[in-house]
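Worksheet: the structure to be examined is printed underneath.
The values are calculated or read from the model by the stated rules, or taken from the named source; none is laboratory data. This is a predicted model, so every value here is computed, not measured. Don't worry about glycine lacking a Cβ; one is built from the backbone with ideal geometry, like all the others, and counts go over all protein chains shown. Heavy atoms of the whole protein, side chains included, go into the accessibility calculation; ligands, DNA and RNA do not. Shrake-Rupley method; radii C 1.70, N 1.55, O 1.52, S 1.80 Å.
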Amino acid sequence: IMLAVLDTWLADATGAGLPPLPERESTDSVNDLAWLAYLDCLHARAGGDLDRAARLGEQALDYQTSASGLDDDYLHIWPSVVTVALEAGDVALAERLVEPVAAGSPAVVTPILRAQLLRLRGLIGAARDDDPALVEADLRAGADALDAFGAVGLRAVAQEELATWLIGHGRGDEGRDLLTQARATHREIGATGWLDRSMDPAAERA
């Protein structure tokens, strides 16, 4: 199941068509159920059914929390499930999904979870139209923390999100510089799918 998810991640990043869902057998493994629900979430998102994707993502996290709390595979599933909730326009769900990490103790919240929390908190703040200074601070802190962790691709995604926010708030020069950096990373790591979905030149000049 995890290999099927990995293939789906790679297909999304490279712009290839998503592989078909694998045949599945009955299982009572909570961890397997988490990955199956997450895989269905990714396919629903790719198919444009964002409401269903958000519901499946929440289900996947419920299973994963039961299986291992915030440890183990939680870090792989959680961030994209929160962004799917935001893509579906369900800010309340996104807020609920970040709460366990936001409330977690430093002994439990690993550096990568902390980095993603900052990024996601910024995205949620942007969706709520919070104080721009706070939104920008979180988005920048998230990108910096992902960079410090060494998550090259995720850093580029965070930079693109910050760039999009800056451009939308009348700070085109700053935004375009960051967007150029993000797009250069997408090219460098072969993430042509992410590159194709990033803001087009006409939008960059807005």
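Computed quantities for the displayed model
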| read-out | value |
| --- | --- |
| Charge dipole magnitude, Cβ of K and R +1, D and E -1 - the chain, Cα centre, debye nearest 20 | 400 |
| Helix-only CD estimate at 222 nm, as mean residue ellipticity for the chain, using -39500 (n - 2.57) per DSSP H run (n ≥ 4) | -24500 deg cm²/dmol |
| Crossing angle, helix 111-128 versus the chain [Cα axis fit, 0-90 degrees, rounded to tens] | 70 |
| Listed residue (PHE149, ALA46, ALA163) projecting farthest to the positive dipole end of the chain, Cβ model | ALA163 |
| Positive dipole terminus of segment 19-108, leading residue within ALA102, SER29, SER66 (C-beta point charges) | ALA102 |
| On Cα atoms only, tilt of 74-87 relative to the major axis of the chain in degrees | 60 |
| Probe 1.4 Å, protein heavy atoms only - accessible area per residue of the chain in square angstrom | 50 |
| Charge dipole magnitude, Cβ of K and R +1, D and E -1 - segment 45-98, Cα centre, debye nearest 20 | 120 |
| Exposed GluC sites (Glu not before Pro) absent: longest stretch of the chain, with sites in DSSP loops and at most 15 other Cβ within 10 Å deemed exposed | 26-206 |
| J(HN,Hα) series, segment 148-161, from Karplus relation 6.51 cos²θ - 1.76 cosθ + 1.60, nearest Hz, glycine and proline x | 5, 6, x, 7, 4, x, 5, 4, 5, 4, 5, 4, 5, 5 |
| Extended-chain gain in nm, criterion 0.36 nm per residue less alpha-carbon gap, VAL91 and HIS169 | 26.1 nm |
| Net charge of Cβ neighbours under 13 Å - reference ALA145; Lys, Arg +1; Asp, Glu -1 | +2 |
| Cβ-placed point charges (K, R +1; D, E -1), dipole of segment 104-206 about Cα centre in debye, nearest 20 | 240 |
| Net charge contributed by nearby residues that have their C-beta within less than 11 Å of ARG171 (K/R +1, D/E -1) | -3 |
| Label corresponding to Rg and Dmax of the Cα atoms in Å when calculated from the structure given, among [x] 17.5, 53; [y] 16.8, 53; [z] 18.8, 72 | [y] |
| Trypsin sites (Lys or Arg not before Pro) within segment 132-179, DSSP loop, no more than 16 other Cβ atoms inside 10 Å | ARG171 |
| Percent carbon-and-sulfur accessible area, segment 1-100, ignoring ligands, DNA and RNA, probe 1.4 Å | 51 |
